[in-house]
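The values are calculated or read from the model by the stated rules, or taken from the named source; none is laboratory data. Bear in mind that the values here come from a model prediction, so they are computed numbers and not experimental data. With ideal geometry, Cβ positions are generated from the backbone for all residues, glycine too; neighbour counts draw on all protein chains shown.
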Amino acid sequence: MISRIWHGYTTPSNADAYEALLKSEIFLGIQSRRIEGYKGIQLFRRSLDAEVEFITIMWFESLDAVRKFAGEDYELAVVPPKTRALLTKFDERSQHYEVKAELKV
């Protein structure tokens, strides 16, 4: 299992709009692509002093599945123009980790 981790930041005034766009359009668009090996996405949010940080963690069966999502340069962040307009900064490249252990209760 591979986790793809990405960070984006926005202003407090744009945070709710950004979150809503992700949930109502971006995540559903990813799901509708029916990428073989894609296992889902999580969204994390926290308020900092002058900005709001968002982290997405996507789950894939393999790096080949990640490539089906992101292309051959699979570390390059996939940030659609609509989301870029609401962000103040973001990771240009995503990080990928092999999941070595998981405990569910």
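Quick grid of which residues meet (1) buried (at least 16 other Cβ atoms within 10 Å of the Cβ); (2) more than 19 Å from Asp91 (Cα to Cα):
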{"position": "Pro12", "(1), (2)": "no, no"}
{"position": "Ala17", "(1), (2)": "no, yes"}
{"position": "Phe27", "(1), (2)": "yes, no"}
{"position": "Phe44", "(1), (2)": "no, no"}
{"position": "Phe54", "(1), (2)": "yes, no"}
{"position": "Trp59", "(1), (2)": "yes, no"}
{"position": "Ser62", "(1), (2)": "no, yes"}
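Scan region 27-61 residue by residue and report those that are among the basic types (Lys, Arg), in contact with a strand residue (DSSP E or B) (Cβ under 7 Å, 6 or more places away or on another chain) and within 24 Å of Gly71 (Cα to Cα).
Passing the criteria: only Lys39.
Count, please, the residues in region 72-96 that happen to be modelled with pLDDT under 95 and over 17 Å from Leu28 (Cα atoms).
2
Taking region 83-105 only, how many residues are in a loop (DSSP other than H, G, I, E, B), without any contact (Cβ under 8 Å) to a residue 40 or more places away in the chain and within 23 Å of Ser62 (Cα to Cα)?
Matching residues across region 83-105 total 5.
Here are the criteria: (1) in contact (Cβ under 8 Å) with a residue 24 or more places away in the chain; (2) under 15 Å from Lys23 (Cα atoms). Tell me which single one Ala70 does not satisfy.
So Ala70 meets the others, but not (2).
Among the residues of region 10-44, which ones are within 18 Å of Leu87 (Cα to Cα), more than 12 Å from the chain's Cα centre (by Cα) and in contact (Cβ under 8 Å) with a residue 24 or more places away in the chain?
Correct list: Thr10, Thr11, Pro12, Asn14, Ala15, Ala17, Tyr18, Leu21, Glu25.
Using the structure shown, decide if Ser32 is surrounded by fewer than 11 Cβ atoms within 10 Å (Cβ to Cβ) and farther than 28 Å from Thr11 by Cβ.
It is true that Ser32 is surrounded by fewer than 11 Cβ atoms within 10 Å (Cβ to Cβ) and farther than 28 Å from Thr11 by Cβ.
Can you tell me which residue in region 38-82 is nearest to Tyr97 (Cα to Cα), limited to those that are touching a Phe, Trp or Tyr at 6+ places or on another chain (Cβ under 9 Å) and part of a loop (DSSP other than H, G, I, E, B)?
Glu61
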